[in-house]
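What follows is one structure encoded as structure tokens, with my remarks underneath.
Nothing in this text is a laboratory measurement; each read-out follows from the coordinates by a stated rule. Predicted model only: the values in this text are computed from it and were never measured. Don't worry about glycine lacking a Cβ; one is built from the backbone with ideal geometry, like all the others, and counts go over all protein chains shown.
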Amino acid sequence: MSDSPYPSMTSTSHPPRYRWVVFGVWVICSVSGFMVVSTVGILLPSISSDLHLSPAQQGILGSAAFWGNLALAIPLTWWASRFRLKPLTTLTLALGTCSLFLQGWSPIFIVLILGRLTFGLSVVAREPARAMLLRQWFRPHEVIWAQSIGAAMFGVVVGGGILVTPYILDAFGDSWRATFNIFAIAFVILTVIWIISGREQAELEADSTNQSQSGIIQRALSYRDVWITSFGFLGATFAWSGFVGFLPTLLLESSDISLHWSGLILAIFIIIGGVAGLFLARAAMAVNNRRYFLQSLGILMACTYIGMTLTSSVPLLLILSVLNGLAWGFWPILHSVPFQLPGIRTREIAVALALITMMIAAGTALGPLVTGFLQETTGSLKTALVIIGVAPISLTISGTLLSLMAQQVRPVSS
């Protein structure tokens with residue numbers, strides 16, 4: 001057997017075109033989970049009115065989907081990475097579907113929290129399949145491009161979901177329960193499509209089963225750049241979740257801006273963020289350097305978040321949303337770092353991505369919690385959002401601290 005960390009795709013093999021079908025369907029399944037999590041800000045006024053939630057409880061609800069990720073991301077990923085790509089994805093989609101129906105049925109707050117927690121676990125348990133998918137079907141130098149396409153699909157699906165959710169609410173008489181049931185039905189359809197179209201290459205199975213089980217976690221976490229990458233995501237997602245969860249409420253209560261406008265504003269920066277990733281990834285590949293992109297985009301993101309908090313002008317909010325979306329083009333540039341570290345193996349990449357996922361979960365969980373706490377402490381939601389809006393500076397710090405090898409976009413031979 002070859003010792004190459006890319007056993008299923010050699011430098012001379014012709015990549016099958018069907019890989020884009022497999023990749024596309026898997027990414028849609030994956031990002032649909034994030035879409036459901038992201039729409040909580042739009043559903044929050046309806047849920048709060050129905051269940052009589054305090055600001056602190058609203059923050060808990062906004063973060064509940066990521067609690068399990070904080071404690072279980074690495075061990076769960078290590079365990080889930082033992083399974084093959086297709087069954088792992090199928091089982092996690094089925095679990096997510098069941099948890100969505102549970103959320104739609106929830107008679108009390110604690111049941112809703114349980115449903116959110118279970119859904120979050122299904123999302124993180126699916127992530128090892130990403131490493132398997134990219135290592136099976138793409139050459140090392142193609143990973144950042146595949147990641148940028150995935151980021152664009154994230155923008156379209158998540159942004160589109162946020163944009164459409166207010167209309168689903170209206171169609172069902174402001175019923176958040178019916179909205180969750182619609183999401184659950186969509187997941188049933190996605191599960192069936194994946195079962196029909198999902199494929200995998202057998203060579204990766206040999207790579208996973210023959211790799212030594214000992215030291216996988218320790219070796220994966222020994223890469224300093226994995227921790228620096230994770231820190232960059234922590235601050236960005238911290239601010240993102242706070243704004244997605246509470247900006248609609250701020251605009252509605254302080255400026256009487258409707259949820260339809262809020263949904264459009266949020267959708268714009270998410271959709272543009274995905275599309276921007278395509279161009280910025282190409283630019284990073286051309287100059288073969290991540291540092292300057294990450295440094296400038298972190299500053300831009302922080303400035304636009306603060307600007308969106310301080311203005312009540314819809315045209316200005318739309319402009320700032322576009323600029324914020326451009327800043328989110330950093331995602332494939334930073335998320336592809338683990339794939340290009342010298343000597344790293346498939347299951348080690350899965351664990352490295354689990355650490356990144358855990359930090360993303362930490363940021364996403366802490367954002368609404370801290371925002372709700374700051375609102376209760378200061379008595380001002382606007383002040384709370386200004387404070388958390390500074391957090392994306394972590395991207396600038398991350399770009400500065402990455403090693404010279406990790407700054408390079410083209411893979412380095414081990």
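Descriptive notes on the structure:
- GNM result for the chain, Cα springs below 10 Å: residue of 21, 390, 158 fluctuating most strongly: 21
- Sequence of 123, 287 once ranked by neighbouring C-beta atoms within 10 Å, starting from the fewest: 287, 123
- The chain: translational diffusion in µm²/s, Stokes-Einstein, Kirkwood Rh over Cα pairs, 25 °C, 0.890 mPa s: 115
- Selected from 165, 295, 147, residue furthest toward positive end of dipole (the chain; charges at beta carbon): 147
- Taking every Cα-Cα distance in the stretch 79-191 and sorting them into 5 Å bins from zero, the calculated P(r) comes out as 2, 11, 15, 19, 21, 14, 9, 6, 3, 1 percent.
- Two-site label geometry, residue 313 and residue 170: point separation in nm, points 7 Å out along Cα→Cβ: 2.7
- Residues of the stretch 358-388 with amide N under 16 Å of a point placed 7 Å along Cα→Cβ from residue 254: 371-388
- Debye, to nearest 20: dipole size of the chain, +1 on Lys, Arg Cβ, -1 on Asp, Glu Cβ: 980
- When peptides 258-265, 142-149 are ranked by their average number of other Cβ atoms within 10 Å per residue, the highest-first order is 142-149, 258-265.
- Taking the number of Cβ atoms within 10 Å of each Cβ as an exposure proxy, the fewest-first ranking of 229, 249 is 249, 229.
- Which of 86, 382 has the fewest Cβ neighbours within 10 Å, and the rest in rising order: 382, 86
- For the chain, the longest principal axis of the alpha carbon atoms and the long axis of helix 291-310 meet at an angle near 10°.
- Spatial separation of Cα centroids for the stretch 223-255 and the stretch 19-55, in angstrom: 15
- The stretch 236-248 - phi-based ³J(HN,Hα) in whole Hz, Karplus 6.51/-1.76/1.60, Gly and Pro as x: 5, 6, 4, 5, 4, 5, x, 6, 4, x, 10, 4, x
- Centre-to-centre separation between the Cα atoms of the stretch 135-200 and those of the stretch 349-372: 20 Å.
- Label-zone membership for the stretch 98-132, site residue 188, 7 angstrom Cα→C-beta point, backbone N under 19 Å: 98-106, 119
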